[in-house]
Amino acid sequence: MNMTMSMEMLLATGIGAMTAVGVYLILHRRTFPVIMGLTFLSYAVNVFLFAMGRLAIDLPPIVSKTAAGYTDPLPQALVLTAIVITFGMTALIVVLSLRAYLETGSDDVGLGVPPDSADPDGRRDGAAP
Amino acid sequence: MNSHWLILPVAIPAMTAALLVLAQAYGLTIQRTLSVGATALQLAAAIGLYMLAGDGEPRVYLLGNWPAPFGIVLVLDRLAATMLLLTGVLAIGVVLASLGDWDRKGRHFHALLQFQLMGINGAFLTGDLFNLFVFFEVLLIASYGLMLHGSGQRRLRAGFHYISINLIGSTVFLFAVGTIYAVTGTLNMADLAVKVPQVAAGNEALLSAGALLLFTVFAVKSAMVPFHWWLPPTYGTTSPAAAAVFAIMTKVGAYSIVRVYTLIFGAEAGPLAGIVTPWILPAAIVTLVLGTIGVLASRGLRDLACYSLIASMGTVLIAIGLFTAESLAAALYYAVQSTLTSAALFLLAGLLVKDADGRLPLAAAALRGNGTLFAGLYFLLAIAMVGMPPLAGFIGKLLILDAARPGPHIVAVWSAILITGLLLTIGFVRAGIDTFWRKPKSDAPSADKRATPILPTAVVAAMIAVLAALSLLAGPLMEDMTATADQLLQPQTYIRAVLGTRHSAAHMGE
């Protein structure tokens with residue numbers, strides 16, 4: 001097994017593991033695991049996108065007179081865009097879930113305000129509903 | 001043909017939004033002036049572009065003057081122009097309606113609205129799959145802000161759902177884009193349309209996985225079953241002005257389906273031709289049925305507006321799913337009128353029903369004095385939504401039924417649309433009786449003496465007038481829309497317009 005083969009294996013299992021972890025976490029009913037799950041999914045997709053230009057070793061992504069070949073630079077640009085967007089989104093959803101926790105006193109992702117936290121101010125110290 | 005006008009629908013709201021953020025410190029009046037002015041400009045630009053696209057020649061704008069398959073292109077064809085015009089009309093209505101009270105509930109309403117318009121316009125114009133993702137993100141990020149605008153407990157909770165589902169959607173979009181790029185080596189839509197039919201036999205499965213993942217994303221955006229459940233809590237709890245502008249977001253999903261699955265995976269896509277056809281029609285019919293059941297089960301005008309929006313999306317998607325020239329033209333006509341109807345219904349519901357957090361209703365008190373006016377507006381909107389003559393909803397449904405007539409799906413389509421039409425009527429009648437004819441409870445909040453909000457009411461009336469105009473002008477409009485559908489089903493002109501720029505760009509560089 002040469003180097004590219006083992007790298008492909010590693011990448012593929014890595015992406016698969018991160019996606020699985022992400023999906024598992026998203027199915028939880030608390031905001032924190034859901035956010036972690038979303039983060040894992042976005043990690044998985046970033047690596048996935050990166051690998052879409054095919055894996056190449058020791059090749060530059062820019063034009064060079066001495067280069068023997070090139071690795072595709074476009075997926076790297078796509079990944080960069082995707083990272084920026086998911087970073088912003090994660091920050092937003094963290095703030096949002098914090099705010100929701102402070103206002104409703106629960107970090108449950110259910111839609112209705114849970115009956116035991118429905119006091120008018122919406123503030124409650126205990127975490128578990 | 002390289003006209004700089006194409007960038008206006010993206011550039012105007014982008015600049016305005018940045019200015020509006022700065023103008024925050026100088027009070028609401030200047031923000032409102034800027035926002036109304038910019039939206040009017042966008043409408044004017046959209047009208048200009050609609051006329052420009054009317055000759056059937058797709059216009060291409062090369063960003064940074066990079067030739068087509070390498071740089072990002074904006075493409076204006078008839079479909080894009082129609083959607084831009086619809087966005088312009090809707091936007092000016094929503095901006096004017098928000099001036100009364102709704103833009104006061106939090107900061108930066110107008111800035112967020114302009115960013116939202118930028119994303120929507122960009123999504124309609126772009127000719128690049130990854131750029132479509134970016135504009136989706138722009139419109140979504142703005143919509144998160146708009147959705148939460150004014151805040152409140154229920155809105156925060158629904159907002160978490162909305163943002164989560166869309167983040168998952170964005171991730172799936174990236175997976176799809178990555179897969180398609182891995183197989184074809186391009187993301188330019190016209191170039192994809194050339195490369196997809198030539199795909200190697202071993203890569204067909206991978207490419208169809210990418211195409212179907214992409215369809216999933218668009219299905220989430222267009223609230224198609226089984227991805228419709230995020231819509232009612234989101235649109236039902238947000239502020240009425242935001243919900244009204246969101247009425248077009250589901251159409252962005254429908255637009256993307258039409259664009260991608262006529263151009264890239266259309267009839268000429270070789271082994272992948274018509275890849276979504278087996279999925280879209282059944283899903284659309286179930287969407288229509290579930291939306292109708294939702295209308296029957298809804299307990300207030302907001303729920304009613306949400307579920308009737310889902311039902312109308314079902315109708316639009318049924319017409320799209322037939323993928324013939326007649327059905328696409330009918331889908332376009334129906335989508336235009338149902339967007340305006342939904343938006344007006346959301347605005348009217350906002351005037352009549354308590355805020356999601358139980359704050360004072362704007363016009364519930366005024367209803368006692370002006371009950372006839374509001375009941376009349378509701379009556380007209382109900383007619384438009386369930387599809388009874390004389391408003392445009394009737395003509396739209398008639399066109400869709402007619403488009404299904406020669407095909408093999410006639411039984412399913414006719415029975416779905418006709419039976420749900422009856423059920424929708426029952427749902428709307430019942431909601432109307434509940435809202436307008438039942439005696440108010442004795443513990444209802446005592447009538448405060450606030451006047452009927454004039455602007456939002458006038459906007460609702462104006463939208464109904466537009467609906468009437470749509471049905472009066474149905475003949476000439478349908479000629480345009482049929483031309484649009486024909487253009488969609490002959491992607492060669494689009495491809496030639498985009499990829500032909502390679503040479504003209506090289507010329508300009510010399």
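Below are the figures for this structure:
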item	result
Hull volume in cubic angstrom per residue (convex hull over the Cα atoms of chain B)	130 Å³
The range B:396-440: C-alpha gyration tensor shape, a/c 1.5 cut-off, then a/b vs b/c	prolate
Kirkwood Rh (inverse of mean 1/r, distinct Cα pairs), the range B:89-197, angstrom	15.7 Å
Rounded, prolate or oblate (a/c below 1.5 giving rounded, otherwise prolate when a/b exceeds b/c) for the range B:218-263 by Cα gyration tensor	oblate
Kirkwood hydrodynamic radius of the protein assembly as shown, from inverse mean 1/r over distinct Cα pairs, in Å	25.4 Å
Surface per residue (accessible, 1.4 Å probe) for the protein assembly as shown, Å²	40 Å²
Equivalent ellipsoid dimensions for the range B:26-92 as semi-axes, Å, which come from the Cα gyration tensor, largest first	28, 17, 8
Separation of alpha-carbon centers, the range B:334-354 and the range B:60-93, rounded to whole Å	26 Å
Full-stretch length increase - A:R54, A:M9 - with 0.36 nm per residue and alpha-carbon distance subtracted	14.9 nm
Complex-versus-alone comparison for the range B:162-205, residues with a loss of 40 Å² or more in accessible area, probe 1.4 Å	B:I163, B:L167, B:I168, B:T171, B:L174, B:F175, B:Y181, B:A182
Cα centroid separation, the range B:263-289 to the range B:193-252 (Å)	13 Å
Value at 222 nm in deg cm²/dmol, rounded to 500, when DSSP H runs of n ≥ 4 in chain B each add -39,500 (n - 2.57)	-24500 deg cm²/dmol
Accessible-area composition of the protein assembly as shown, carbon plus sulfur, in percent [1.4 Å probe]	69 percent
Charge context of B:A111, other residues only, Cβ under 15 angstrom, K/R +1, D/E -1	+3
Point-charge dipole on Cβ atoms (K/R +1, D/E -1) for the protein assembly as shown, about Cα centre, debye to 20	1380 debye
Cα-based shape type of the range A:1-96, given that a ≥ b ≥ c are square roots of the gyration tensor eigenvalues and the cut on a/c is 1.5	oblate
The range B:129-146-the range A:11-85 distance, computed between alpha-carbon centres (Å)	20 Å
Cα→Cβ-extended label distance, 7 Å offset, between B:I30 and B:A273, nm	6.0 nm
Descending Cα extents along the principal axes, the range B:40-147, whole Å	46, 28, 19
Residues in the range B:130-159 occluded by at least 40 Å² - accessible area, probe radius 1.4 Å, against chain by itself	B:F130, B:Q153, B:L156, B:R157
Positive dipole terminus of the protein assembly as shown, leading residue within B:V459, B:V252, A:F87 (C-beta point charges)	B:V459
Loss of accessible area when A meets B, both sides summed, Å² nearest 100, probe 1.4 Å	3000 Å²
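The values are calculated or read from the model by the stated rules, or taken from the named source; none is laboratory data. All values derive from a computational prediction rather than experimental measurement. In this analysis, Cβ positions are derived from the backbone assuming ideal geometry, glycine residues included, and neighbour counts consider all displayed protein chains. Please note that ligands, DNA and RNA were not included when accessible areas were found on the heavy atoms of the full protein model with its side chains. Shrake-Rupley method; radii C 1.70, N 1.55, O 1.52, S 1.80 Å.
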